[in-house]
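**Student:** Attaching a single structure in structure tokens format; questions to follow.
The values are calculated or read from the model by the stated rules, or taken from the named source; none is laboratory data. Since the structure is predicted, the reported quantities are computational estimates derived from the model, not experimental observations. Methodologically, a virtual Cβ is constructed for each residue, glycine included, from the backbone with ideal geometry; neighbour enumeration extends over all protein chains shown.
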Amino acid sequence: PPIVLFYVEFERKCRSHVSLLCCHASCFGDEDNAGQFFSSGHTNNWAVLVCTSRFWFNYRHVANTLSVYRSVKRLGIPDSHIVLMLADDMACNHRNPKPATVFSHKNMELNVYGDDVEVDYRGYEVTVENFLRVLTGRLPPSTPRSKRLLSDDRSNILIYLTGHGGNGFLKFQDSEEISNVELADAFEQMWQKRRYNELLFIIDTCQGASMYERFYSPNLMALASSQVGEDSLSHQPDLAIGVHLMDRYTFYLLEFLEDIHPASKTNMNDLFKVCPKSQCVSTPGHRTDLFLRDPGSVLITDFFGSVRKVEITMETINLTDPINPVNGELQIRKYSYVDQLPVSEIIHQKPKQKDWHPPDGFILGLWTLILLVFFKLYGMKHLKHIF
Amino acid sequence: FVFIMRCNFRIVLFLPPGLYKTPGRKMQIWLFYEELVIRPLHSGDIYASFQFRTVWETDFMRGNKVSHYRLFPKSLGQVISKFSVRELHISFTQGYWRTMQWGQPFQPSPPGAELWVWFQDSVTDVDGTWKELTNVLSGIFCASLNFIDSTNTVQPSASFKPLGIGNETDHRFLRYATLPREIVCTENLTPWKKLLPCGSKAGLAVLLKSEKLFHSSFHSQAVHIRPVCQDWQCKTTSWELRQTLNVVFDLHNSAQGKREWSLFKMFSRTLTEACPLASSSKIYIDITDNPQGEQFEVSPATPLLSQAVVLGDRRTFSVYDLTQQITFGTVRSLNLLIRWKSSEGDMLRPLLHAERYVAGYGLQTGEIHTLMYNNHPYRSFPVLLLDSVPWYLRLYIHTLTVTSKGKDNKPSYIHYQPSKDRLRPHLLEMLVQLPPNSVTEVTVQFERALLKWTEYTPDPNHGFYVGSSVISSLVPSIVAMDTNSTRERPLFSSFFPCKEESSYFVRVYTEPLLVNLPTPDFSMPYNVICLTCTVVAVGYGSLYNLLTRSFQIEEPSPGLAKRIANIIRKMRGVPPL
């Protein structure tokens with residue numbers, strides 16, 4: 001059938017839309033807001049979200065991590081810039097009465113697992129070694145891009161850890177720990193390799209403040225859900241699912257983040273006030289002495305949202321001619337499908353040719369012994385006949 | 001045919017699915033088909049099978065730079081050209097297919113993840129390429145496929161012949177691996193849906209909602225890439241990508257015990273349109289057991305009927321063509337309803353099915369039993385059994401026995417590759433002739449190995465998995481199979497190529513095994529360190545102190561009264577008390 005193709009010039013129509021966009025981008029518009037927009041100095045955002053606990057009764061740690069994942073995605077960081085590590089599978093666990101869901105509020109109000117989730121490290125892959133390799137970038141060459149933290153010196157990184165911890169360590173999967181010294185050294189490696197511009201570290205475990213005590217690299221801000229000697233408590237159980245759904249600190253953090261939208265102006269001082277002792281029972285702590293900017297001037301969206309610097313251009317780009325493929329010399333031979341179970345062929349199959357290896361030491365020694373015995377018995381006069 | 005949609009004064013181009021010509025190139029052909037087959041099962045459950053097929057005439061071999069991807073996903077195209085892949089089959093399954101209750105599936109798959117790949121002849125280092133390929137696929141499908149390494153990869157010598165076209169089959173280029181422990185959840189479905197041309201926005205993929213799909217007895221999604229014949233002459237090849245999703249919904253979980261199924265009940269969605277890029281978009285409902293409508297009733301009724309020979313049986317299907325606007329009726333949405341009236345009738349017994357279990361007691365030895373059932377009354381047929389057992393179960397092959405009906409049954413072909421600790425698993429392949437109406441039992445004894453402390457998983461008391469056995473067979477068929485591979489056939493009947501009319505190829509997977517290995521007490525190193533340090537501190541420490549400390553006699557400090565008295569005496573110049 002005749003095919004009619006025609007190109008429509010809709011550039012004219014597009015221009016009006018374009019000018020609207022320009023307007024919107026500069027509707028940060030006012031002088032001081034523009035100043036704030038450019039003062040953070042970062043060009044891209046990354047997030048590393050780690051849940052370190054295994055087993056069904058640690059459902060709340062997976063729900064914690066997924067709620068932060070959900071907020072971070074909603075505020076603009078794409079999946080390619082998020083490294084999500086979940087140590088166990090709760091959604092499709094056989095004990096979950098509602099499969100493919102992870103709830104954060106009781107009565108199953110909010111499904112934080114959703115329909116569009118990409119987990120990069122799961123199950124047994126969540127180990128201390130993999131976590132440190134992701135942070136420092138020392139991964140084997142065949143690691144796919146979705147499993148790498150490809151940040152540069154203008155990236156703002158959000159790191160969120162949750163699980164069971166103690167004074168100075170965080171437990172990974174019930175079998176190993178990471179200490180606060182290792183973590184501080186990993187951040188120092190990141191600083192020396194220029195892998196971050198600013199880093200926000202949030203930890204929700206028991207005695208979480210001990211994990212940021214040892215940091216010594218610049219531009220780090222840290223928040224923890226409890227001080228040394230205190231336990232972080234969980235929020236509420238759901239009687240249908242049978243386990244506690246969230247930890248208190250992350251529950252109130254999620255409520256706080258639900259009010260943030262990509263253009264909001266809330267700063268870090270509001271984040272420090274999340275979950276006071278009356279709600280959390282433990283005392284959340286924070287550390288800002290290593291951070292160069294004043295926390296009051298740091299926007300929440302600097303870490304939880306994503307900066308998209310859009311440059312709009314009116315130029316046209318000429319596409320080069322497509323590469324002509326080497327047009328098949330028509331294959332004369334005819335293809336056919338292979339027989340799936342060729343019984344006679346299989347029965348008469350020749351054994352696989354094994355690679356030839358030079359004879360073993362044992363074989364050589366055995367032959368030497370046989371030759372020696374032969375010549376001893378029958379005398380050396382036979383030697384000249386052989387050689 | 002150019003479709004113009006006007007909305008908000010914007011003109012959108014719709015290119016016809018099928019032919020597309022760029023200036024200066026030969027005609028490129030892309031085709032996309034989608035179909036859904038619904039088969040009601042005798043136990044009241046319902047089996048739904050989605051198939052999405054993309055055919056693309058191009059040449060990935062011979063180093064051609066392919067840069068224009070239209071319906072074929074770019075991530076897979078780049079994988080094929082970079083790793084010189086001839087065929088790739090990967091499947092993710094949750095649950096176990098119950099052959100005796102549900103019959104044979106259209107595409108069989110073992111529980112967990114399974115990956116088998118045929119590489120091109122041009123690949124020099126197959127093992128290195130295999131390792132890189134598994135890493136890349138683990139990133140594409142968000143699965144832990146990077147755990148596939150030499151300890152669970154085998155190279156079958158007779159099973160898994162290529163499903164696509166090809167003239168040579170050198171088994172050096174085949175690799176097969178399974179991960180029985182792999183979990184399947186929404187994070188695997190999300191990238192799978194993104195490979196479809198219409199995504200999950202239009203067509204049959206709209207029904208793929210994870211909350212319903214994973215609340216089922218069986219869920220399996222797979223990707224199959226292979227070269228196929230372009231036309232009946234078969235002189236040129238094109239690449240075919242098939243994405244299949246099989247799901248069995250349970251009567252009590254999803255339908256609350258009532259034998260009434262509808263698209264809305266199964267998927268919580270109804271259909272409103274076909275994928276605009278699809279050449280054909282159809283729904284088939286299997287009504288073979290319901291010729292006069294006495295068992296169940298399907299609404300809305302459709303005049304279209306189709307017959308196909310699938311799995312050795314001639315089945316009749318009601319067809320709903322989604323590319324016709326009339327299918328959606330006046331409400332512009334299609335919600336198929338299947339209501340049962342009576343529940344009689346037996347199911348056709350499957351001719352071949354298999355079971356496997358571990359026998360024995362204790363944590364030292366055990367026995368693996370594999371049972372293969374041939375339910376045909378008078379025909380026997382050959383069966384190829386592939387067993388891949390991890391190295392930590394040390395098989396004693398001299399105890400291998402194959403018995404049918406009480407008598408020894410010698411296999412006509414055995415290929416055994418012993419394992420190497422921490423390097424290679426056991427591989428056992430046997431060609432066994434199953435006598436008619438019998439059970440064949442294969443037993444082999446094994447011994448459990450003690451692993452090193454760091455090789456245990458974080459939850460070792462769960463047990464260790466042994467992958468399913470694969471049984472490939474040519475089963476005699478009741479009706480003549482269609483050997484003409486290029487005639488227009490529904491997708492579900494054209495998966496396995498058919499060479500002869502009297503039998504069809506079937507692959508059956510057994511259950512995976514879960515064995516407990518002797519597990520040490522992981523707190524022992526800590527206990528030992530504590531005890532040793534305590535003994536050293538108390539025993540040696542006190543001895544050292546006794547030997548090296550010097551003792552001085554010191555007067556205890558006097559009381560207050562004495563101190564005042566001493567001060568007064570000092571003032572007086574008298575020696576203190």
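**Student:** Out of all the residues in the range B:177-191, which are crowded, with 22+ Cβ neighbours inside 10 Å and either assigned to a helix (DSSP H, G or I) or among the aromatic types (F, W, Y) (or both)?
**Tutor:** Selection gives B:T186, B:E187, B:N188, B:L189.
**Student:** Report yes if B:K258 is of a type in the set (K, R) and part of a loop (DSSP other than H, G, I, E, B), otherwise no. Break it down into steps so the answer makes sense when it comes.
**Tutor:** Working: of a type in the set (K, R): yes; part of a loop (DSSP other than H, G, I, E, B): yes.
Spelling it out, B:K258 is indeed of a type in the set (K, R) and part of a loop (DSSP other than H, G, I, E, B).
**Student:** So which of B:V247, B:V228 is part of a strand (DSSP E or B) and either surrounded by fewer than 18 Cβ atoms within 10 Å (Cβ to Cβ) or touching an Asp or Glu at 6+ places or on another chain (Cβ under 6 Å) (or both)? Outline the logic, then answer.
**Tutor:** On the way: B:V247 fails: either surrounded by fewer than 18 Cβ atoms within 10 Å (Cβ to Cβ) or touching an Asp or Glu at 6+ places or on another chain (Cβ under 6 Å) (or both).
Testing whether each residue is part of a strand (DSSP E or B) and either surrounded by fewer than 18 Cβ atoms within 10 Å (Cβ to Cβ) or touching an Asp or Glu at 6+ places or on another chain (Cβ under 6 Å) (or both) leaves just B:V228.
Listed here are the residues, each with its yes/no results for (1) within 11 Å of chain B (Cβ to nearest Cβ); (2) modelled with pLDDT of 80 or more.
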{"residue": "A:I312", "(1), (2)": "no, yes"}
{"residue": "A:P322", "(1), (2)": "yes, no"}
{"residue": "A:V326", "(1), (2)": "yes, no"}
{"residue": "A:P358", "(1), (2)": "no, no"}
{"residue": "A:V373", "(1), (2)": "no, yes"}
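**Student:** Is there any pair linking a residue in the range B:182-193 that is at the interface with another protein chain (Cβ under 7 Å from one of its Cβ atoms) to one that is part of a helix (DSSP H, G or I) and hydroxyl-bearing (S, T, Y), with Cβ under 6 Å and at least six apart or on different chains, and which?
**Tutor:** B:T186/B:S210
**Student:** Before we move on, is B:T457 under 28 Å from the mean Cα position of the chain (by Cα), part of a loop (DSSP other than H, G, I, E, B) and of a type in the set (V, I, T)? Spell out the reasoning first.
**Tutor:** On the way: under 28 Å from the mean Cα position of the chain (by Cα): yes; part of a loop (DSSP other than H, G, I, E, B): yes; of a type in the set (V, I, T): yes.
It is true that B:T457 is under 28 Å from the mean Cα position of the chain (by Cα), part of a loop (DSSP other than H, G, I, E, B) and of a type in the set (V, I, T).
**Student:** From B:L245, B:L263, B:L213, which residue is touching a residue at least 12 places away in the same chain (Cβ under 8 Å) and within 12 Å of chain A (Cβ to nearest Cβ)?
**Tutor:** B:L213
**Student:** Can you tell me which residue is nearest to A:F272 (Cα to Cα) among those in the range A:198-237 that are aromatic (F, W, Y) and assigned to a loop (DSSP other than H, G, I, E, B)? Outline the logic, then answer.
**Tutor:** Here is the first cut: in the range A:198-237, the residues aromatic (F, W, Y) are A:201, A:212, A:215-216.
From what is left, the residues that are assigned to a loop (DSSP other than H, G, I, E, B) are A:215-216.
Working: A:F215: 19, A:Y216: 21 Å.
Within the range A:198-237, the match that is nearest to A:F272 (Cα to Cα) is A:F215.
Residue-by-condition table, conditions (1) of a type outside the set (S, T, Y); (2) away from chain B (no Cβ under 13 Å); (3) touching a residue at least 60 places away in the same chain (Cβ under 8 Å):
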residue: A:A63; (1), (2), (3): yes, yes, yes
residue: A:V68; (1), (2), (3): yes, yes, yes
residue: A:I82; (1), (2), (3): yes, no, no
residue: A:N96; (1), (2), (3): yes, no, yes
residue: A:F103; (1), (2), (3): yes, no, yes
residue: A:L110; (1), (2), (3): yes, yes, no
residue: A:T127; (1), (2), (3): no, no, no
residue: A:R133; (1), (2), (3): yes, no, no
residue: A:G166; (1), (2), (3): yes, yes, no
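**Student:** Is the range B:450-467 home to any residue that is within 17 Å of B:H398 (Cα to Cα), more than 14 Å from every other protein chain (Cβ to nearest Cβ) and either of a type outside the set (S, T, Y) or out of contact with any Lys or Arg (no Cβ under 9 Å at 6 or more places or on another chain) (or both)? Can you show your working first?
**Tutor:** Within the range B:450-467, the first condition is being within 17 Å of B:H398 (Cα to Cα), and the residues that meet it are none.
No, that holds for no residue.
**Student:** Going through the range B:194-220 one residue at a time, which ones are outside any loop (DSSP other than H, G, I, E, B), in contact with a strand residue (DSSP E or B) (Cβ under 9 Å, 6 or more places away or on another chain) and under 18 Å from B:F72 (Cα atoms)? Can you show your working first?
**Tutor:** Step one: list which residues in the range B:194-220 are outside any loop (DSSP other than H, G, I, E, B), which gives B:194, B:203-207, B:210-213, B:218-220.
With the extra rule that they be in contact with a strand residue (DSSP E or B) (Cβ under 9 Å, 6 or more places away or on another chain), the set shrinks to B:203-207, B:211-213, B:218-220.
Scanning the range B:194-220 gives B:G203, B:L204, B:A205.
**Student:** Counting only residues that are farther than 30 Å from B:T519 by Cβ, in contact (Cβ under 8 Å) with a residue 24 or more places away in the chain and more than 14 Å from chain A (Cβ to nearest Cβ), give me the strands (runs of 3 or more DSSP E) lying completely in the range B:363-426 with at least 1 of them. Talk me through it step by step, then tell me what you get.
**Tutor:** On the way: elements: B:365-374, B:381-389, B:393-404, B:413-417.
Here the list reads B:365-374, B:393-404.
**Student:** With B:L241, B:L271, B:L213, B:L251 as the choices, which residue is within 30 Å of A:S336 (Cβ to Cβ) and of a type in the set (A, V, I, L, M, F, W, C)? Break it down stepwise before answering.
**Tutor:** Values: B:L271 fails: within 30 Å of A:S336 (Cβ to Cβ); B:L213 fails: within 30 Å of A:S336 (Cβ to Cβ); B:L251 fails: within 30 Å of A:S336 (Cβ to Cβ).
Exactly one residue qualifies, and that residue is B:L241.
**Student:** To continue, here is another question. Just one of B:L196, B:L208 is more than 25 Å from B:I148 (Cβ to Cβ), away from chain A (no Cβ under 12 Å) and touching a residue at least 24 places away in the same chain (Cβ under 8 Å); which is it? Even if it seems obvious, please write down each step before you answer.
**Tutor:** Values: B:L208 fails: away from chain A (no Cβ under 12 Å).
Result: B:L196 is the single residue among B:L196, B:L208 that is more than 25 Å from B:I148 (Cβ to Cβ), away from chain A (no Cβ under 12 Å) and touching a residue at least 24 places away in the same chain (Cβ under 8 Å).
**Student:** Now, a different point. Return the pairs, sorted by first residue and then second, in which the second residue is in a loop (DSSP other than H, G, I, E, B), the first residue lies in the range A:181-202 and is within 17 Å of A:L139 (Cα to Cα), the beta carbons are less than 6 Å apart, and the residues are 6+ apart or on different chains.
**Tutor:** Final answer for the pair search is A:F187/A:S217; A:M190/A:Y196; A:R194/A:D153; A:R195/A:S151.
**Student:** Would you say B:R98 is crowded, with 21+ Cβ neighbours inside 10 Å and more than 27 Å from B:K282 (Cβ to Cβ)?
**Tutor:** Working: crowded, with 21+ Cβ neighbours inside 10 Å: no; more than 27 Å from B:K282 (Cβ to Cβ): yes.
Judged against the criteria, B:R98 is not a match.
**Student:** Right, something else. Look through the range A:80-124, keep the residues that are of a type in the set (S, T, N, Q) and in contact with a helix residue (DSSP H, G or I) (Cβ under 7 Å, 6 or more places away or on another chain), and return whichever of them is surrounded by the fewest Cβ atoms within 10 Å (Cβ to Cβ). Let's see the steps before the verdict.
**Tutor:** At the first step, the residues of the range A:80-124 found to be of a type in the set (S, T, N, Q) are A:80, A:93, A:96, A:101, A:104, A:107, A:111.
This time we only want the ones that are in contact with a helix residue (DSSP H, G or I) (Cβ under 7 Å, 6 or more places away or on another chain), so: A:80, A:93, A:101, A:104.
Details: A:S80: 11, A:N93: 16, A:T101: 22, A:S104: 25.
Only one residue fits best here, namely A:S80.
**Student:** Out of A:R145, A:R154, which single residue is at pLDDT below 95 and away from chain B (no Cβ under 14 Å)?
**Tutor:** On the way: A:R145 fails: away from chain B (no Cβ under 14 Å).
After applying the criteria, what remains is A:R154.
**Student:** Identify the residue in the range A:44-74 that is in contact with a helix residue (DSSP H, G or I) (Cβ under 6 Å, 6 or more places away or on another chain) and more than 20 Å from A:L150 (Cα to Cα) and, among all such residues, is surrounded by the most Cβ atoms within 10 Å (Cβ to Cβ).
**Tutor:** Across the range A:44-74, the extreme among qualifying residues is A:N64.
**Student:** Something else: Which of the residues belonging to the range A:173-187 are modelled with pLDDT of 95 or more and within 14 Å of another protein chain (Cβ to nearest Cβ)?
**Tutor:** Of everything in the range A:173-187, nothing turns out to be modelled with pLDDT of 95 or more and within 14 Å of another protein chain (Cβ to nearest Cβ).
**Student:** Now, a different point. What number of residues within the range B:192-219 are of a type in the set (G, A, S), within 16 Å of the chain's Cα centre (by Cα) and either surrounded by 24 or more Cβ atoms within 10 Å (Cβ to Cβ) or within 25 Å of B:S333 (Cβ to Cβ) (or both)?
**Tutor:** Residues that pass the stated criteria total 1.
**Student:** Here's another thing I want to ask about it. Taking the range A:207-239 as the search range and keeping residues that are at pLDDT below 90 and among the hydrophobic types (A, V, I, L, M, F, W, C), which one is surrounded by the fewest Cβ atoms within 10 Å (Cβ to Cβ)?
**Tutor:** A:L239
**Student:** Which residue out of B:D521, B:D482 is surrounded by fewer than 11 Cβ atoms within 10 Å (Cβ to Cβ) and among the charged types (D, E, K, R)?
**Tutor:** B:D521
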